[in-house]
1. So if I check each of PRO83, PRO52, PRO9, which one is more than 16 Å from the ligand (Cβ to nearest atom) and modelled with pLDDT under 95?
2. List, please: which pairs have Cβ atoms under 7 Å, are six or more places apart or on different chains, and start with a residue in segment 192-215 that is within 17 Å of ARG147 (Cα to Cα) and end with one that is of a type in the set (Phe, Trp, Tyr) and surrounded by fewer than 19 Cβ atoms within 10 Å (Cβ to Cβ)?
3. I'm told GLU96 meets every condition in (1) within 12 Å of the ligand (Cβ to nearest atom); (2) loosely packed, with under 14 Cβ neighbours inside 10 Å except one. Can you identify the failing condition by its number?
4. List the residue pairs whose Cβ atoms are under 7 Å apart, where the first residue sits in segment 101-128 and is farther than 14 Å from GLY207 by Cβ, the second is within 6 Å of the ligand (Cβ to nearest atom), and the two are 6 or more positions apart or on different chains.
5. Where the second residue is assigned to a helix (DSSP H, G or I) and buried (at least 17 other Cβ atoms within 10 Å of the Cβ) and the first is outside the structural domain of SER111 (by TED's automatic domain parsing) and at negative phi and lies in segment 163-182, which pairs have Cβ atoms under 6 Å and are six or more apart or on separate chains?
6. Quick one: is LYS115 assigned by TED's automatic domain parsing to the domain that holds PRO72, assigned to a helix (DSSP H, G or I) and either within 12 Å of the ligand (Cβ to nearest atom) or crowded, with 16+ Cβ neighbours inside 10 Å (or both)?
7. Can you tell me which residue among GLY221, GLY176, GLY194 is small (Gly, Ala, Ser), modelled with pLDDT under 95 and out of contact with any helix residue (DSSP H, G or I) (no Cβ under 6 Å at 6 or more places or on another chain)?
8. Checking the conditions here, which among THR33, THR42, THR75 is under 26 Å from HIS121 (Cβ atoms) and not aliphatic (A, V, I, L, M)?
Amino acid sequence: MNLDLKEEPKPVTDALKSKIEETSEPLIFAPKTYQYDKATLTHDDIQSIQDPIELFHNWFNNATSTSSDPIPEATTLSTASLPSGRVSSRVVLFKELDHRGFIIYSNFDTSKKSKDVKSNHYAALNFFWKDLQRQVRVEGIVEFVDRATNERYFGTRPRGSKIGAHASPQSQVLKGDRDQLDNLYKEVEKKYEGVDDSEIDCPKLWGGIRIVPLEIEFWQGRKSRLHDRYSFKRETIEDKFECVRLAP
Ligand SMILES: Cc1cc2nc3c(=O)[nH]c(=O)nc-3n(C[C@H](O)[C@H](O)[C@H](O)COP(=O)(O)O)c2cc1C
């Protein structure tokens, strides 16, 4: 573990406190309120399914078939780096569900998420399907998927995305305008000239992580902010889930 003291959490300083007070004249204040009244999530719904992965599967199918969201698989992935505890979130595409967990693909070489998950194996996903007034929160443990799984998904990507994955040192600083990136892309494009799409190999440090859930919460918006919330929780990934209703 990297014990860089510069990374230690800092207390809120007086200078920061006075900045907080300055927000007494906010730029945006209380945008128009919105009511959630489209559906319910009941004890019977939960009893009839019991398995949170199955319930997620149903909700995801609803999101893809009945909502106008063009990318219902877009999800917010949060990670935190240790020892600082600094948290980072970004949108990624959820690509696979299996009975073990939720898989997303990314660069695990140069990205911030790569550094985070190597120091702290906890991560969270947040799905928000506005049309359905539904949120799903997943918290769990990160594991890297095997090479065969990476290659299976990489094989489905269009040629340009395959080349892009090789070319882009994700989240590294680029000098100048887009040129550096375009040149990196051109170099890789040249390397694979004449190579069939199916023969473009998956970069070594590019691939999937599976978030194996310790907790999955299903949230259905209800009137007057009295939302339905059911949370499936377990202590370790070997345990069975227990389901509880949470107050909104
Ligand atoms: C709709 C959308 C989908 C995205 N999908 C992915 C993805 O599947 N994988 C990925 O690495 N980055 C994806 N990104 C980019 C990430 O949000 C982020 O910029 C990138 O992963 C670098 O983040 P990091 O340095 O914090 O790790 C997506 C962004 C958006 C807005």
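The values are calculated or read from the model by the stated rules, or taken from the named source; none is laboratory data. Here the structure is a predicted model, which is why all the values come from computation and not from measurement. Because the Cβ atoms are built from the backbone with ideal geometry, glycine has one as well, and the counts that use them run over all protein chains shown.
1. Numbers: PRO83 fails: modelled with pLDDT under 95; PRO52 fails: modelled with pLDDT under 95.
Of the residues listed, the single one that is more than 16 Å from the ligand (Cβ to nearest atom) and modelled with pLDDT under 95 is PRO9.
2. ILE200/TYR192; GLY207/PHE144; GLY208/TYR153; ILE209/PHE144
3. So the condition that GLU96 fails would be (2).
4. Sorted first by the residue in segment 101-128, then by its partner, the pairs are LYS112/SER88; LYS112/SER171; ASP116/SER88.
5. Close Cβ pairs satisfying both conditions: ILE163/VAL188; HIS166/VAL188; ALA167/LEU184; ALA167/TYR185; ALA167/VAL188.
6. Numbers: assigned by TED's automatic domain parsing to the domain that holds PRO72: yes; assigned to a helix (DSSP H, G or I): yes; either within 12 Å of the ligand (Cβ to nearest atom) or crowded, with 16+ Cβ neighbours inside 10 Å (or both): yes.
In short, yes.
7. Details: GLY221 fails: modelled with pLDDT under 95; GLY194 fails: modelled with pLDDT under 95.
Result of the check over GLY221, GLY176, GLY194: GLY176.
8. Numbers: THR33 fails: under 26 Å from HIS121 (Cβ atoms); THR42 fails: under 26 Å from HIS121 (Cβ atoms).
Answer to the check: THR75.
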